[in-house]
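Chemist: Below is the structure I would like to discuss, written out as structure tokens.
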Amino acid sequence: MSAAKRALITNDDGIDAPGLRVLAMTAREIGLDVVVAAPAVQFSGSGASIVAGLEDRDRIALERRRLEGLDDVLTYAVGAAPGLIALIAAFGAFGDPPDVVLSGVNHGANVGRAILHSGTVGAALTAGINGSRGLAVSLDVGLAAEFHLKPQATEPRWSTAADLAGRVVPFLLQQRPGTVLNLNVPDRDPDDVAALRSAPLAEFGIVQTTMTEHADDHIRLTVTDMSEPPAPGTDAALLADGHAVVTAVQSVRETDSPALDALVDAVASAAPATASE
């Protein structure tokens, strides 16, 4: 019998984020050998940064933690950005290097070329260029909720995104090392999510950042909704229409992308594997 594939579960929302725990539970339920290592504090917007949280950048703080429902899973809070966590995992910091890095479930969508700035996607990309495979998983909670502009009416449906991730992982593990996928899921009950679609990245994301104040001693930035709708058929447009969307993110390690039509067919026929909440 072959050994279980090893998975690192990380994120950019921090070790206490509920999406991280649900994704780890799903990874374990589909038979992966799971280790959790996530930032001790939030590192959203860190991209693929390899920044540590200590002034002594040669030392990275590690703290053993326990997550509810995952008492048997080795779990670390790390004083580092998710990209650096994925990097040191490839060096064996948390045991054998992972076959796959699952990053998320992020609180907010990561679509369009703006994924360049996402710590969630940055961890997956770092895995890809270091001999593993990466999957970034994000839940579209809406702009107001993502930026805490107003409370969410209901608890985000983390398990909807985690279930789809669990059905994507077997396909991903069949791909060459270096393959990196980006999965975005509407914040809906599973039966209300339109079919998984593959799509290219939109030119921009679902938000834009503009400079609204420029003084001698500071600059103020503001994040707002995009004024123009995304181009039809892109990841941002399909997600807005209620579809779960997967995109092959080009990795430095490989020059080709997986045939995502096969993934869409496989997910449609796969049984759900959601961790119970």
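The values are calculated or read from the model by the stated rules, or taken from the named source; none is laboratory data. Values in this document were obtained by computation on a predicted structure and should not be read as measured data. Cβ placement follows ideal geometry from the backbone for every residue including glycine, while neighbour counts extend to all protein chains displayed.
Chemist: R59 fails exactly one of the following numbered conditions: (1) without any contact (Cβ under 8 Å) to a residue 12 or more places away in the chain; (2) charged (D, E, K, R); (3) buried (at least 20 other Cβ atoms within 10 Å of the Cβ). What is the number of that condition?
Modeler: Only one criterion in (1) without any contact (Cβ under 8 Å) to a residue 12 or more places away in the chain; (2) charged (D, E, K, R); (3) buried (at least 20 other Cβ atoms within 10 Å of the Cβ) is unmet by R59, namely (3).
Chemist: I would also like to ask the following. Do you know which residues across segment 177-188 are more than 15 Å from A124 (Cβ to Cβ) and in a loop (DSSP other than H, G, I, E, B)?
Modeler: Once the filter is applied, which keeps residues that are more than 15 Å from A124 (Cβ to Cβ) and in a loop (DSSP other than H, G, I, E, B), segment 177-188 yields D187, R188.
Chemist: Tell me whether segment 62-80 contains one or more residues that are over 13 Å from the mean Cα position of the chain (by Cα) and either under 19 Å from T179 (Cα atoms) or buried (at least 24 other Cβ atoms within 10 Å of the Cβ) (or both).
Modeler: Within segment 62-80, one or more residues are over 13 Å from the mean Cα position of the chain (by Cα) and either under 19 Å from T179 (Cα atoms) or buried (at least 24 other Cβ atoms within 10 Å of the Cβ) (or both).
Chemist: Same structure again: Of the numbered conditions (1) more than 22 Å from V264 (Cα to Cα); (2) in contact with a helix residue (DSSP H, G or I) (Cβ under 9 Å, 6 or more places away or on another chain); (3) of a type outside the set (G, A, S); (4) modelled with pLDDT of 95 or more, R157 fails exactly one; give the number of that condition.
Modeler: Unmet for R157, out of (1) more than 22 Å from V264 (Cα to Cα); (2) in contact with a helix residue (DSSP H, G or I) (Cβ under 9 Å, 6 or more places away or on another chain); (3) of a type outside the set (G, A, S); (4) modelled with pLDDT of 95 or more: (1).
Chemist: On to the next question. Please tell me if D163 is closer than 25 Å to R6 by Cβ, surrounded by 17 or more Cβ atoms within 10 Å (Cβ to Cβ) and in contact with a Ser or Thr (Cβ under 8 Å, 6 or more places away or on another chain).
Modeler: Yes, satisfied.
Chemist: Still on this model: Can you report the number of residues in segment 1-25 which are surrounded by 24 or more Cβ atoms within 10 Å (Cβ to Cβ) and more than 14 Å from the chain's Cα centre (by Cα)?
Modeler: 1
Chemist: Any residue that is part of a loop (DSSP other than H, G, I, E, B), touching a residue at least 40 places away in the same chain (Cβ under 8 Å) and over 13 Å from G166 (Cα atoms) - is there at least one of those in segment 22-34?
Modeler: No, that holds for no residue.
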